[in-house]
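Undergrad: Dropping a structure here in structure tokens format, bear with me for questions.
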Amino acid sequence: MRIDVISSHEDLERLKANWEELYRADPEAQYFLSWPFISTYIRRFAGRWFVLAARSGSGSSPYVALMPLRLGTMMNGKTGLFYNEIHMGGAYVADYTGAVCAPEFAQAAMAAFAKHLRKMHWARLHLTDLRMSPARERAFFKNLDDERLTVREVSRWDKIGNIDNSICPFAELPETWEAYLEKKVSANTRQKLRRLLRKVEGSEDFRITLADASTIERDIEILLGFWRTKWGPRKGDRLAGIQRTHRRLFLDALADGSLFLPVLWHRDRPLGGLAIFVDPVKKTYFFYLAGRDEETDIVPSGLVLHAYSIRHAIENGFRTYDFLRGNESYKYSFATNERANRSRLLRTRSDRNLGDKLDARSLLSVFRQANRFHKDGRLDKAESAYRQILDTDPVHAPTLYGLGQLQAGRGEHQRAARTFATLTRAAPDLAKGWARHGEALQALNRLAEAAQSFYAAIKLDPQMAAPRYGLGLSLAHLGHPERAIALLRTVLRLRPRDPADEPLRVRTAALLKKLEQAQHSGALPLWNAVAPSAQRAPVVAEVANAGVRLMPSLAQSVAIIGPPQAGPVIKRMPARLRS
């Protein structure tokens with residue numbers, strides 16, 4: 001079975017018809033794997049979501065199974081090394097996770113998904129809230145067995161509330177509301193529900209409204225406000241993020257027609273609300289969140305709203321009312337069945353990624369952290385992160401640039417020159433790469449080669465000041481003061497583009513003044529004006545041995561062209577620069 005990895009919005013959109021067909025056919029599929037939910041939700045994780053797609057036939061045949069996943073990137077606090085985590089696509093908002101499968105291919109597809117996961121680069125695989133038949137589960141976990149990995153069950157027990165969040169109660173709904181009352185609830189509950197509904201629906205003081213586009217903002221705020229009052233102290237710093245997520249989930253669900261949000265009112269005072277996801281394909285209501293006014297006991301709003309919602313589901317032909325995760329006692333007033341989710345954590349024994357490489361999709365995230373370390377002066381951590389990236393992608397241009405800067409800042413000019421040389425091969429059109437390569441070579445007194453790199457940078461970006469200054473300095477050191485002066489004057493005519501240009505202009509003016517004074521006095525060779533005597537002899541010898549010659553550039557500057565040892569530098573230049 002062939003596994004493809006889908007990771008672009010365009011490719012995901014092309015899956016829609018295939019996904020919906022699998023969803024209709026799969027008896028184990030549920031709302032949190034439906035196209036409306038999962039395709040909207042995972043898009044929030046730009047660059048981090050992906051879908052494993054299993055195909056049993058030719059390249060043009062439809063996929064027979066789809067598993068949405070997300071990538072995370074973490075740093076080991078002890079070793080300073082980054083590693084990757086894989087999470088289920090809907091994890092932490094979806095009460096159920098898993099895969100959608102054509103039933104006849106389900107076990108083979110789950111085995112293939114597991115084998116593919118073992119080939120990927122990760123240190124932790126979070127299989128949270130899996131809802132999967134024993135046959136599929138066995139096929140999946142059997143093929144995740146690997147001596148490099150450890151596996152442990154993850155408890156979903158809430159110690160504070162004494163709730164088992166792996167247990168999911170649900171009610172199977174009969175044809176009529178009366179049949180439900182007679183067969184699915186106790187006599188006491190039956191009497192209570194009838195009495196409460198009569199009280200609410202027989203009085204002008206009570207009403208139940210359903211959220212629509214005109215009331216959704218109000219109704220979400222009512223619901224989340226009640227929920228915040230009850231649960232906010234337990235959620236602490238996570239509260240604001242949780243509420244933002246809930247709000248967006250409910251707005252998205254309303255937009256695709258899958259939100260049922262009733263609010264119970266007493267006159268103009270809201271008493272409580274429910275958020276329920278509606279799955280017309282699987283004929284199921286999924287109760288997701290409740291909130292009620294804790295300061296009044298006019299009526300038990302939760303009982304009223306659940307009774308109202310279950311009756312509404314039955315009247316509209318739905319067959320299941322799912323209370324989702326948590327075995328709270330009140331749910332069993334309505335539910336007579338339950339199922340269990342399973343959560344497992346797989347991790348590498350080494351705490352390093354499988355294959356000792358980062359997942360390529362995480363390189364940007366690691367680079368950003370490396371860059372923060374670099375700016376904060378935490379250079380060892382920055383270098384470690386840069387090198388981890390290059391272990392995965394040896395020509396990752398931003399990382400080569402950052403590492404080269406770090407090496408140059410430490411005075412490791414030989415290493416910096418090698419790093420920037422690699423950068424010029426990896427990104428030959430990057431002007432600042434050539435400029436930095438020139439600076440590293442200049443620090444090594446390899447002035448002829450430095451001039452070549454500075455010239456390449458100028459050709460690519462004529463308005464860039466640094467390589468003009470660098471080329472001018474090299475020309476002065478190589479004994480060509482007139483051309484150096486002409487070039488340095490062009491630096492002062494350029495408009496500054498960033499803060500670093502201002503100190504560069506100061507240095508340029510100082511060097512220009514020194515050269516012009518020496519030229520005017522004629523007291524010393526201009527070479528002596530800019531080059532310490534200790535540096536003079538080896539550089540003069542290099543120039544003499546290389547047979548250096550000069551020619552004017554098209555950009556009102558000059559470049560040193562042609563020493564034999566500069567040949568490799570010229571070859572690395574873009575074709576349009578070689579002439």
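The values are calculated or read from the model by the stated rules, or taken from the named source; none is laboratory data. Computed from a predicted structure; not experimentally measured. Cβ atoms come from the backbone with ideal geometry, glycine included; neighbour counts cover every protein chain shown. Just so you know, the surface numbers come from the protein's heavy atoms only, side chains and all, with ligands and any DNA or RNA stripped out. Shrake-Rupley method; radii C 1.70, N 1.55, O 1.52, S 1.80 Å.
Undergrad: To the nearest 0.05, how large is the calculated FRET efficiency for Trp231 and Asn188 if R₀ is 30 Å and r is the Cβ-Cβ distance?
TA: Given R0 = 30 Å and the Cβ-Cβ separation, E is 0.55.
Undergrad: Between Ala46 and Asn162, what is the FRET efficiency for a Förster distance of 45 Å, r being their Cβ-Cβ separation, to the nearest 0.05?
TA: Given R0 = 45 Å and the Cβ-Cβ separation, E is 0.70.
Undergrad: Let me ask you something else. On the protein heavy atoms, probe 1.4 angstrom, tell me the percent of accessible surface of the chain carried by carbon and sulfur. Could the numbers behind the result be given before it?
TA: Values: 13370 of 26880 Å².
Taking all protein chains in place, the chain shows 50 percent carbon and sulfur surface.
Undergrad: Let a ≥ b ≥ c be the square roots of the eigenvalues of the Cα gyration tensor of the chain; is it rounded (a/c under 1.5), or, if not, prolate (a/b larger than b/c) or oblate?
TA: Here the chain falls in the prolate category.
Undergrad: Using +1 at the Cβ of each Lys and Arg and -1 at the Cβ of each Asp and Glu in region 225-281, identify which of Trp231, Trp265, Ala275 lies farthest towards the dipole's positive end.
TA: Trp231
Undergrad: Which part of region 1-18 falls in the paramagnetic zone of Asp146, meaning amide N under 16 Å from the point 7 Å along Cα-to-beta-carbon?
TA: 3
Undergrad: Over region 41-94, give the accessible area per residue in Å² for a 1.4 Å probe, as an integer.
TA: Averaged over the residues of region 41-94, the accessible area is 34 Å².
Undergrad: What whole-number value in Å² describes the accessible area per residue of region 363-518 for a 1.4 Å probe?
TA: 43 Å²
Undergrad: Now, a different point. Can you pull out the chymotrypsin sites (Phe, Trp or Tyr not before Pro) in region 159-193 whose DSSP state is coil and whose Cβ has at most 14 other Cβ atoms within 10 Å?
TA: Sites meeting the loop and neighbour criteria: none at all.
Undergrad: Using the heavy atoms of the protein chains alone and a 1.4 angstrom probe, what is the accessible area of region 110-264 per residue in square angstrom?
TA: For region 110-264, the per-residue accessible area is 53 Å².
Undergrad: Along Cα→Cβ, 7 Å out, is where each label goes; now give me the distance between the ones at Arg138 and Asp268 in nm to one decimal.
TA: Result for the modelled spin labels: 6.4 nm.
Undergrad: Just subtract the alpha-carbon distance of Lys514 and His9 from 0.36 nm times their residue separation and send over the number in nm, one decimal.
TA: Additional length available on full extension: 175.9 nm.
Undergrad: If you place +1 on the Cβ of every Lys and Arg, -1 on the Cβ of every Asp and Glu, and leave all else neutral, what size is the dipole of region 127-253 about its Cα centre, to the nearest 20 Debye?
TA: 440 debye
Undergrad: How many nm is it between the label spots at Glu178 and Lys78, if each spot is 7 Å from the Cα in line with the beta carbon?
TA: Distance between label points: 6.8 nm.
Undergrad: Report the Cα centroid-to-centroid distance between region 339-392 and region 412-467 in angstrom, as an integer.
TA: 30 Å
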